[in-house]
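Trainee: Got a structure here, written out as C-alpha cells. Questions coming.
Read-outs: derived from the displayed coordinates by stated rules, not from any lab. What you see is a predicted model, and the numbers here were worked out from it, not measured in a lab. Glycine also receives a Cβ, built like all others from the backbone with ideal geometry; neighbour counts cover every protein chain displayed.
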Amino acid sequence: MNRALDIEKANPNAPAMPAGGERESAPPSLIGLTRAELRAAMLEIGVPERQAKMRADQLWRWVYHFGVMDFSAMTNVAKAMRASLEERFTLARPEISTRLISTDGTRKYLIRLADGAEVEAVFIPGVGRAGALCVSSQVGCTLNCTFCHTGTQRLVRNLTAAEIVAQVMIARDDLEEWPTSNEDRQLTNIVFMGMGEPLYNLDNVAKAMDVISDGEGISISRRRITVSTSGVVSEMARLGYDTSAMLAISLHATNDALRDVLVPINRKWPLEELMQACRDYPGLSNARRITFEYVMLKGVNDSIAEAKALVKMLSGIPAKINLIPFNPWPDAPYECSDWETIERFAEVVNRAGYASPIRTPRGRDIFAACGQLKSESVKVRASERRAGA
Ligand code: SAH
Ligand code: SF4
C-alpha cells in the first residue's frame, strides 16, 4: 500500500548518467566547501592572496546564508569576478532523483551523487525545536545490525563533507528557507541517523558540522546536532572533543549475548566498555544528555525484565531513552512488539523518571522511517550500467 501523497521526479532536465557510468567532466560545485576550501578556490581563479579571505567570506554568505544558485545573484561581487567564478565553478546541488512526501508531512529525498551512488535524507516535522533533518554519513553501511535494512546494502563508501552538507542545502531549498532565518524556521535540528555509521567517517562528519553550525551561514548550532552510533567506542571521545555534538547510542539490548547478535559491533566493544565511554563523554551533563535508542523487537528484547535491566544499566548517566517501534522491511527477520508490550515496557522506563520514551514512527508510508533506508536504485543502476557497457 502506498499512501504517499506526492511522488515526483525532481529535476527532469538534469543530464542522465552516460552509458558505462562515466560522466562528462562538469565544473566542480562550490556547494559544501569549508571556509578554507572556498579560500583556495578564490586563489585558483586568480584572486590575490591578501584578498582571498575577504572574498571567500563574501562568497560564504551568498552560498550558506542566502543559498543562491546563480553567481549573478551575488550583487556585491564584481562582474569580472562573477564571470571567472561562473567559468570555473557551479553552485549545483546533487540531483534529487526522487522526492516523497508522507501523509504525516515527513519528506524523503533520494539524492544521486556525482558518481551515481545514492543516499537518503529525511525531513521530519515536529522533532527537535521545529523539525529535524535525518542525514546520511555513508552510502550503505559496513556494519550488519540484523534488524536494519541499510546494513543489507552492498555498496558502501564514505560521504565527503560536501555531500553531507549538500543534504542540508537540498532540504533548505525544498522548504524554501533561504536566506537563513533564525526565527520560525522549519529545519532546526540535524540528526546523523540516516544511512551509515557516522563514527566510521568522523573526519568528514566533523568537517560538515563546522559548515552546518557556522553562525554566518546555515547556522544550526552544535547542541541541535545529534550523532547516533552503534557503539564505535574508539571514536566517541574524539566526537565529543572535536564537534561538541549531542550523542545517541543505538543500544537495543541489555546483555552482551543478545547485543552481539543484534548489533554485531558489540563483539568488538561490549556493553561494559560502551557504558564507560558514555560516562566519559565530553560535556555530558543533565542539560546535555545521551539519548539511548532501543528498538522494540517482538519476543526478542521487549520483556519487563529487560526494561528493568535497561533502567538499571543507565542509572547514573544523564540519559534520555527512545523506544523505537521496529519498522518492518521486506523479508526482515523480526516483527515489531505489540503495542501493549511497548506501553508496558515504557511504563517501567517512565516510572524510573524518563519522560515520553516512545518514538512515534514517521513516514512509514514512504519507507522513510528508521532502518528502512536503502536505495534500491543502486542495484538497478548497476545493472543498467552493465547493460549500457
Ligand atoms: N548507524 C548509526 C546511525 C543510523 S541508524 C546507528 O546505528 O546508530 C539510526 C537508528 O535507527 C539506530 O538507532 C538504528 O539502530 C535504528 N534502526 C535501524 N533499523 C531499524 C528498524 N528497522 N526499525 C527501527 N529502528 C531501526
Ligand atoms: Fe549500520 Fe546503524 Fe544500520 Fe547498524 S543500525 S547497520 S550501524 S546504519
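Trainee: Got the relative contact order for the stretch 35-88 handy, in percent, Cα pairs under 8 Å and 6 or more residues apart?
Mentor: It rounds to 31 percent for the stretch 35-88.
Trainee: Most fluctuating residue of P330, P361, P94 in a GNM of the chain with Cα springs under 10 Å: which is it?
Mentor: Comparing P330, P361, P94 in the GNM, the peak value goes to P330.
Trainee: Please count, across the chain, the pairs of lysine residues with Cα atoms under 20 Å apart that sit 8 or more places apart or on different chains.
Mentor: So the count works out to 10.
Trainee: Dipole magnitude of the chain about its Cα centre, charges +1 at Lys/Arg Cβ and -1 at Asp/Glu Cβ only, in debye to the nearest 20?
Mentor: Rounded to the nearest 20 debye, it is 420 debye.
Trainee: For the chain, set up a GNM with springs between Cα atoms under 10 Å and report which of L133, L113, L247 has the largest fluctuation.
Mentor: Of L133, L113, L247, the most mobile in the Gaussian network model is L113.
Trainee: Still on this structure, please answer the following. Take the chain, connect every pair of alpha-carbon atoms lying under 10 Å apart with a spring to form a Gaussian network, then pick out the residue of E273, E163, E120 with the largest mean-square fluctuation.
Mentor: So, out of E273, E163, E120, the one fluctuating most is E273.
Trainee: Under a point spin-label approximation (7 Å from Cα along Cα-to-Cβ), what is the E44-Y241 distance to one decimal in nm?
Mentor: 3.2
Trainee: Looking at L187, V232, V205, which one has the Cα that reaches farthest to the positive end of the dipole of the stretch 162-252 (charges on Cβ: Lys, Arg +1; Asp, Glu -1)?
Mentor: Projecting each Cα onto the dipole axis, the largest value belongs to V232.
Trainee: Of G67, L85, M54, which is farthest on the positive side of the dipole of the stretch 35-88, counting Cα position, with +1 on Lys and Arg Cβ, -1 on Asp and Glu Cβ, and the Cα centre as origin?
Mentor: The listed residue farthest towards the positive side: M54.
Trainee: Averaging sequence separations of C-alpha pairs under 8 Å and six or more residues apart, then dividing by the length of the stretch 134-233, give the relative contact order as a whole percent.
Mentor: Rounded, it is 33 percent for the stretch 134-233.
Trainee: In debye to the nearest 20, how big a dipole does the stretch 231-282 give about its Cα centre with +1 on each Lys and Arg Cβ and -1 on each Asp and Glu Cβ?
Mentor: 80
Trainee: Give me D70, D214 ranked fewest to most by other Cβ atoms within 10 Å of their Cβ, as a rough exposure proxy.
Mentor: D70, D214
Trainee: To the nearest 20 debye, what is the magnitude of the charge dipole of the stretch 204-360 about its Cα centre, counting +1 on the Cβ of each Lys and Arg and -1 on the Cβ of each Asp and Glu?
Mentor: It works out to roughly 460 debye.
Trainee: Here's another thing I want to ask about it. For S303 and E335 in one chain, what is 0.36 nm times their gap in residues minus the Cα-Cα distance, to one decimal in nm?
Mentor: 10.1 nm
Trainee: Can you give the direction-averaged projected area of the convex hull of the alpha-carbon atoms in the chain, in nm²?
Mentor: 20.2
Trainee: With an 8 Å Cα cut-off and a minimum separation of 6 or more residues, compute the relative contact order for the chain in percent.
Mentor: Relative CO of the chain lands at 17 percent.
Trainee: Determine by what factor the alpha-carbon radius of gyration of the stretch 173-267 differs from 2.2 N^0.38 Å, reporting the quotient.
Mentor: It is 1.26.
Trainee: Taking the dipole about the Cα centre of the stretch 260-313, with the C-beta of Lys and Arg at +1 and of Asp and Glu at -1, give me whichever of T291, M275, I265 is farthest to the positive side.
Mentor: Positive-end residue among those listed: T291.
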